[in-house]
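What follows draws every value from the coordinates through simple rules; no lab data is involved. Just so it is clear, the model here is predicted, and its values are computed rather than measured. Glycine gets a Cβ as well: all are built from the backbone with ideal geometry, and neighbour counts include every protein chain shown.
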Amino acid sequence: MNARSALFDLYGDHLRERGGKAPIAALVRLMSALGIAAPAVRTAVSRMVRQEWLEPVRLPRGAGYALTPRAARRLDEAAHRIYRDLGPWDGRWHLLVVERVRERARRDRLTAGLGYLGYARLDDTTWISPRPSSELDPLLDAESARAERFLSVYEGDPHGLVARAWDLEGLARAYERWLADARALLAGDPAPSDERAFAVRSRLVHEWRKFLFRDPGLPPAVLPPGWPGMLAARFFDAEAARLLPAASRFVEGCLEDTLEKIPGETAPRGDEEDDDV
């Protein structure tokens, strides 16, 4: 888990509901529980400021960093997918026909962005998702791309459509590996300390969040019988909920205990290099 990814997880899982901001001293303390050193935290924060995910703010207990509106939108949408708060599927697909982008860098960014937002490619210019994304317009605007959009009902076998668009076999194996690794992570520690609960839950959420790049929240109606993602999701929900009270206590303690300056800690500058992030 690198510092930048861990900070995204921290803001999304804990700080978003606490105003989306925190003193730098608290960020350093929280990241140290994950084995991430202060210099790496400062470098990651600087990078996120340059990329307009975070912005410097002055807080009552010192210098801090807050989510930008863009970051808040990204984390809110991610949370809906992580915790599957998507509502019932109406049987329609969101279909995009994207104009051809000739510049390779723009094309690669657009392809990666659409994949993250839950769209799968049917051909060179056509993409589908089980539901529209609120982040689609900002992505298209950022890459100066245009797309025709349709809400469509597929008249063939939806299972065949999904198997064509998404690598279901690979996705199933990934869920099975995640479940095995998660069970191993949680084995033998039924009552962890608050700090340990925070660290374990952070790892659990971090690994689960990776499915945002592979699974758009495919509706159960179009998935194969015995889909391993459902068992993995039930395990994730149960363990994340079990660890949350202790993890939250640790976060609250770090946010409150920032009056004393951490030795060697300074507020990051916006011009530091990315180095190992």
Problem - region 95-149: relative contact order in percent, alpha carbon pairs under 8 Å with at least 6 residues between - result: 51
Practice task
Sort Asp123, Asp189 so the one with the fewest other Cβ atoms within 10 Å of its own Cβ comes first.
Solution key: Asp123, Asp189
Completion exercise
Under the helix-only model (-39500 (n - 2.57) for each DSSP H run of 4 or more, divided by the residues of the chain), the mean residue ellipticity at 222 nm, to 500 deg cm²/dmol, is -15500 deg cm²/dmol
Practice task
Report, in degrees rounded to the nearest 10, the 0 to 90 angle that the Cα long axis of helix 104-116 makes with the longest principal axis of the chain.
Solution key: 90
Problem - Calculated from backbone phi, Karplus (6.51, -1.76, 1.60) coupling profile of region 36-47 in Hz, x at Gly/Pro - result: 9, 6, 4, x, 5, 5, 4, 5, 5, 4, 4, 5
Practice task
May I ask for the net charge around Ala241, where only other residues with Cβ less than 12 Å from the Cβ of Ala241 are counted and Lys, Arg are +1 while Asp, Glu are -1?
Solution key: +1
Fill in the blank from the handout: Lys and Arg at +1, Asp and Glu at -1: neighbours of Tyr65 with Cβ under 10 Å from its Cβ sum to 0
Practice task
Compute the signed sum of charges (Lys and Arg +1, Asp and Glu -1) over the other residues within less than 11 Å, Cβ to Cβ, of Phe211.
Solution key: +3
Completion exercise
Connecting every pair of Cα atoms under 10 Å apart in the chain and solving the GNM, the largest mean-square fluctuation among Trp89, Trp166, Trp53 falls on Trp89
Fill in the blank from the handout: In the chain, taking the dipole from +1 charges on Lys and Arg beta carbons and -1 charges on Asp and Glu beta carbons about the Cα centre, the listed residue (Val98, Leu122, Ala145) farthest towards the positive end is Ala145
Handout entry: Residue-wise HN-Hα coupling along region 234-245, computed from phi with Karplus coefficients 6.51, -1.76, 1.60 (Hz; x: Gly, Pro)
Key = 5, 5, 4, 4, 5, 6, 4, 5, 5, 7, 4, x
Problem - Whole-number percent relative contact order across the chain, with pairs defined as alpha carbons under 8 Å at least 6 apart - result: 28
Completion exercise
For region 217-222, in residue order, the Karplus 3J(HN,Hα) values (coefficients 6.51, -1.76, 1.60; θ = phi - 60°; whole Hz; Gly and Pro = x) are x, 4, x, x, 5, 10
